[in-house]
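Written below as structure tokens is the structure these notes are about.
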Amino acid sequence: MTASTPLPPPFRLIGLGSVGSTNDEARRLVSDGTAADLLVISAKHQSAGRGRRGRVWDSPSGNLHASLMITLDRPLAEAAQLGFVAALALAEGLADLVPDADFKCKWPNDVLCNSRKVAGMLLETAGDGWLVLGLGVDVERAPPPGEALYAAMALAELGWTGDALMVLAAFCRRFGPWLEIWRSQGFAPIRQGWLGRARGLGEAVVVRLETETLTGTFAGLDEEGGLVLDQGALGARRILAGDVFFPGS
């Protein structure tokens, strides 16, 4: 294990080689009592990376695989809002690196470019008062068509020649200020910023739940981050967990 400080303060980085999952490594530090707020673990490769709802996350070398430890000083019920904080920060950080590209936030916590997924996140609780934010970005290589739930792309396809550590630093530069806003002001400014970068706002969407598939219009976010689906004559429905698709994209 090596420690270095290429990230903007107060973030600190522990860089690893190959691990099962950076989220598991971060959770281990929490269990050991050696975790610290805004300590980041990154790895060149993950053999057991995972995404939302237990899905496998492809983790080839050259992409970003990192986990951020965060002390939770707000009620646990509000923890999911940090996914929106992170998605907004990452979309802005990627736009800083590739200003000509169109980065959008996709509910609940993915980042898209040109309607294709470039990044995803996974929030997990880790002991009393701790959250671990897993972050995966396709920097050099994206999953081939058909191997992922959504069409994906890598930053390299945009002609960008930077590396994973540059992406992580760009994310941290944006995440730090947004985190402080969330901690001091709550979700309202995060919601406003996220909606300003939202993919598909006001457009038709398909939402796949565990037991049913819904169609309607993506009308926005509620005050806690739930997706508001306008189903016309059926009224509005609040979605807390599901997979969102955009017809024709």
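Sorting Thr217, Thr161, Thr71 on the 10 Å Cβ count, fewest up front, what's the list? Let's see the in-between values first.
Values: Thr217 17, Thr161 9, Thr71 12.
Placing the least packed residue first, the sequence is Thr161, Thr71, Thr217.
Where does each of Val205, Val132 land when they are ranked from fewest to most other beta-carbon atoms within 10 angstrom?
Val205, Val132
Of the peptides 124-130, 109-115, how do they stack up when ordered by the mean number of other Cβ atoms within 10 Å, highest first?
Most protected by this proxy first, the peptides run 109-115, 124-130.
Remind me, relative contact order of the stretch 135-236 in percent, using alpha carbon pairs under 8 angstrom and six or more residues apart?
Relative contact order comes out at 14 percent.
Pull out a ≥ b ≥ c, the square roots of the eigenvalues of the alpha-carbon gyration tensor of the stretch 204-245, then state rounded if a/c is under 1.5, prolate if not and a/b is larger than b/c, and oblate in the remaining case.
oblate
Looking at the P(r) of the stretch 184-228, how many percent of alpha-carbon pairs lie beyond 18 Å?
35
log10 I(q)/I(0), Debye, Cα-only the chain, no solvent, q = 0.13, 0.14 Å⁻¹?
-0.78, -0.91
Taking Cα atoms, how many degrees apart are the long axis of helix 81-97 and the longest axis of the chain, rounded to 10 and kept between 0 and 90?
The helix 81-97 is inclined about 80 degrees to the chain.
Would you work out which of Val228, Leu240, Ala204 lies farthest towards the positive end of the dipole of the stretch 204-245? Charges go on Cβ: Lys and Arg +1, Asp and Glu -1.
Among Val228, Leu240, Ala204, the one farthest towards the positive end of the dipole of the stretch 204-245 is Ala204.
Leu64: net charge of surrounding residues, Cβ under 11 Å, Lys/Arg +1, Asp/Glu -1, itself excluded?
-2
Please determine, in degrees from 0 to 90 and to the nearest 10, the orientation of helix 164-185 with respect to the longest principal axis defined by the Cα atoms of the chain, where the helix direction is its Cα long axis.
70
No lab work stands behind these numbers, since they all come straight from the coordinates. These figures come from a predicted structure and were not determined experimentally. Methodologically, a virtual Cβ is constructed for each residue, glycine included, from the backbone with ideal geometry; neighbour enumeration extends over all protein chains shown.
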